[in-house]
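Here the structure is laid out as structure tokens; the discussion comes afterwards.
All of the numbers you see were taken from the coordinates with simple rules; none came from a lab. Quantities reported herein were computed from a predicted structural model and do not represent experimental measurements. As a convention, Cβ positions derive from the backbone with ideal geometry for all residues, glycine included, and neighbour counts pool all protein chains shown.
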Amino acid sequence: MLKETEWNTINNILLEIYAIRNIDIMAEKLLKVLRMLIPYTSGYFVVLDSNQSIQDDKSFFIGFDEQKKKEYIEHFYEKDYLRYVYDIITETTVYRDTDIMEEEVRTKTEFYRHFLMPLKIPYGAGILLMRDKKLIGIINLFRNKELGDFKDKDIYILDVLKKHLANITYNLLHDGIGVKNLESKLEKLYDDYHLSDREKEVIRLLRQGKSNLDISDEMMISLSTVKKHVYNIYSKLNVKTRTQLLAHLAQRLGWF
């Protein structure tokens with residue numbers, strides 16, 4: 001369904017996102033780069049607290065002025081018809097607004113008539129980010145009539161990204177699980193896979209989003225040596241790409 005260039009873009013986006021250590025910066029970066037894959041008019045990435053209230057300082061809106069952002073947070077978040085599905089999902093879920101309910105019903109809701117239509121963005125799609133059966137964030141993208149409704153391909157792309165984004169969001173909200181705890185877990189994982197000190201250093205730099213050339217410069221080794229280390233790491237962890245490597249590390253560390 002996706003071209004090789006689109007898969008490369010997805011991998012590059014995830015590599016960039018995994019390297020970010022602040023939730024608000026990650027939210028802003030994601031919404032901006034996601035447009036390379038899924039054209040949209042406006043959108044938001046809202047982060048929720050334990051009471052499922054929006055954490056304004058950790059969220060990011062794009063294509064909304066401050067007044068509309070305030071209106072959504074203070075009023076329309078509670079009126080959003082997405083809330084109809086919060087209680088019936090138990091895991092991270094991709095949605096398209098026109099699939100949530102019959103169009104005749106959807107267009108009569110207060111959210112549609114008083115929020116979406118004045119902004120001329122009748123179409124929506126996104127991801128409900130879940131952890132331990134609790135909603136921790138919402139990524140919602142909107143389109144105007146000119147762009148039309150979101151296609152199956154757009155939904156597929158979101159589906160590819162969803163577990164990674166839920167993992168990253170949870171990790172950032174919990175301060176990386178604590179630096180000391182994280183490092184101790186990493187060391188145990190490295191020992192389990194019998195990684196050399198050089199391979200551990202390469203993984204550290206890969207987690208920061210560094211390219212092979214960057215790693216070559218920083219470690220003062222040849223590019224071919226870097227590639228050899230990366231190949232050995234992939235072989236030991238049974239992965240084929242950097243994105244798979246990061247996802248595997250995240251899963252072993254309990255971020256999923």
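Key figures for this structure:
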| quantity | calculated |
| --- | --- |
| Extension gain (nm, one decimal) between VAL239 and SER224, 0.36 nm per residue minus Cα-Cα | 3.5 nm |
| Stretchable slack from ASN51 to HIS114, in nm (0.36 nm times residue separation minus alpha-carbon distance) | 20.1 nm |
| Helical contribution to [θ] at 222 nm, DSSP H n ≥ 4, -39,500 (n - 2.57), averaged over the chain, rounded to 500 | -14500 deg cm²/dmol |
| Cα long-axis angle, helix 242-252 against the chain (0 to 90 degrees, to the nearest 10) | 90 |
| Aspartates and glutamates whose Cα lies under 12 Å from that of LYS133, excluding same-chain neighbours fewer than 8 positions away | ASP87, GLU91 |
| Charged-residue dipole, Cβ positions (Lys, Arg, Asp, Glu), the chain about Cα centre, Debye nearest 20 | 600 |
| In nm, spacing of pseudo-spin labels at LYS133 and ARG83 (7 Å Cα→C-beta vector) | 2.2 |
| Spin-label proximity, LYS153 to the range 7-36 - amide N less than 17 Å from point 7 Å beyond Cα toward beta carbon | 7-11, 34-36 |
| Qualifying aspartates and glutamates (Cα of each under 18 Å from Cα of LYS210; at least 8 residues distant if same chain) | GLU16, ASP197, GLU199, GLU201, GLU218 |
| Folded to 0 to 90 degrees: helix 23-34 orientation relative to the chain principal axis, Cα | 80 |
| Angle in degrees between helix 152-173 and the longest Cα principal axis of the chain, rounded to the nearest 10 | 70 |
| Cross-link partners of LYS120 among lysines (Cα-Cα below 20 Å; sequence separation of 8 or more within a chain) | LYS68, LYS69, LYS70, LYS79, LYS108, LYS145, LYS151 |
